[in-house]
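Peer 1: Have a look at this one before I ask anything.
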Amino acid sequence: MNRDTFEPVIIGFTCNWCSYRAADLAGTARVKYPPNVRLIRLMCSGRLDPTFVLKAIAGGADGVLITGCHPGECHYLEQNYKALRRYHLLKRTLAQMGIRPERVKLVWASAAEGVKLAEEITTFIEEVRALGPLDWPGMTGESIAVAPGFLAAEEVGV
Ligand code: FES
């Protein structure tokens, strides 16, 4: 893939009660963010099974954005703390797999923070663009070792 024309594919998991509404608000207010992100609505960030993220990456996503209600504001009490713990676990798991953990990001956004969410989405897309394409399913052996989007073997600890 040509890095000059690379357009990152981002999967964004949103919470029904906050970030999904924030994205909706951004649209209503005509606040623009790049079309690279595909949003998937969950009822709560705590519903995010880590396998959803791995499946997104295995399916061709270059980055995954996880969003939820601010700490203390989850509609299901403390489920976003569960999401936070899973996020940290996911980052460690990705690093063990040789994938840069920066390809996954967690953002808190209330329903009123459409502008903030749009800015976070835009920033994350540019961060992933700088990492380059992941192309995980197409990568094997030596090609992973030299690919810019992957951690070097010594960084993984093998
Ligand atoms: Fe939004 Fe739980 S209801 S993170």
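Read-outs throughout are calculated quantities, based only on the coordinates presented, and are distinct from any laboratory measurement. What you see is a predicted model, and the numbers here were worked out from it, not measured in a lab. Cβ: placed from backbone, ideal geometry, glycine included. Neighbour counts: every protein chain shown.
Peer 1: Using a Gaussian network for the chain with springs between C-alpha atoms less than 10 Å apart, which of these wobbles most: ALA109, ALA23, ALA95?
Peer 2: The residue with the greatest mean-square fluctuation here is ALA95.
Peer 1: Sort ASP4, ASP24, ASP49 by Cβ crowding within 10 Å, fewest neighbours at the top.
Peer 2: ASP4, ASP49, ASP24
Peer 1: Magnitude of the Cβ-charge dipole of the chain, K/R +1 and D/E -1, about the Cα centre, nearest 20 debye? Kindly include the intermediate steps, with their values, before the conclusion.
Peer 2: Details: 18 positive and 17 negative charges, 98 e Å.
Computed charge dipole of the chain: roughly 480 debye.
Peer 1: To make sure I understand, if each residue's beta carbon is the centre and we count other beta carbons within 10 Å, what order do HIS88, HIS75 fall in, fewest to most?
Peer 2: On the way: HIS88 11, HIS75 14.
Ranking HIS88, HIS75 by Cβ neighbours within 10 Å, fewest first, gives HIS88, HIS75.
Peer 1: While we're looking at this one, here's another question. Within straight cross-link reach of LYS32, meaning Cα distance under 23 Å, which lysines are found once same-chain residues fewer than 8 apart are removed?
Peer 2: Output for LYS32: LYS105, LYS116.
Peer 1: From the square roots a ≥ b ≥ c of the eigenvalues of the alpha-carbon gyration tensor of the chain, which class results: rounded (a/c under 1.5), prolate (a/b over b/c), or oblate? Before the final figure, lay out the partial values.
Peer 2: Values: a/c = 2.54, a/b = 1.48, b/c = 1.72.
Judged from the Cα gyration tensor, the chain comes out oblate (a/c at least 1.5, b/c at or above a/b).
Peer 1: With each run of n ≥ 4 DSSP H residues scored as -39500 (n - 2.57), what mean residue ellipticity at 222 nm is computed for the chain after dividing by its residue count and rounding to the nearest 500 deg cm²/dmol? Walk me through the intermediate numbers first.
Peer 2: Values: 6 runs with 65 residues, N = 158.
So the helix-based figure for the chain works out to -12500 deg cm²/dmol.
Peer 1: Where in the chain are the DSSP H helices whose C-alpha atoms run 15 Å or more along the long axis and whose mean Kyte hydropathy is at least 1.0? Spell out each step's value before the answer.
Peer 2: On the way: long enough: 79-96 (26 Å, -1.08); 114-131 (26 Å, 0.40).
Helix filter hits for the chain: none.
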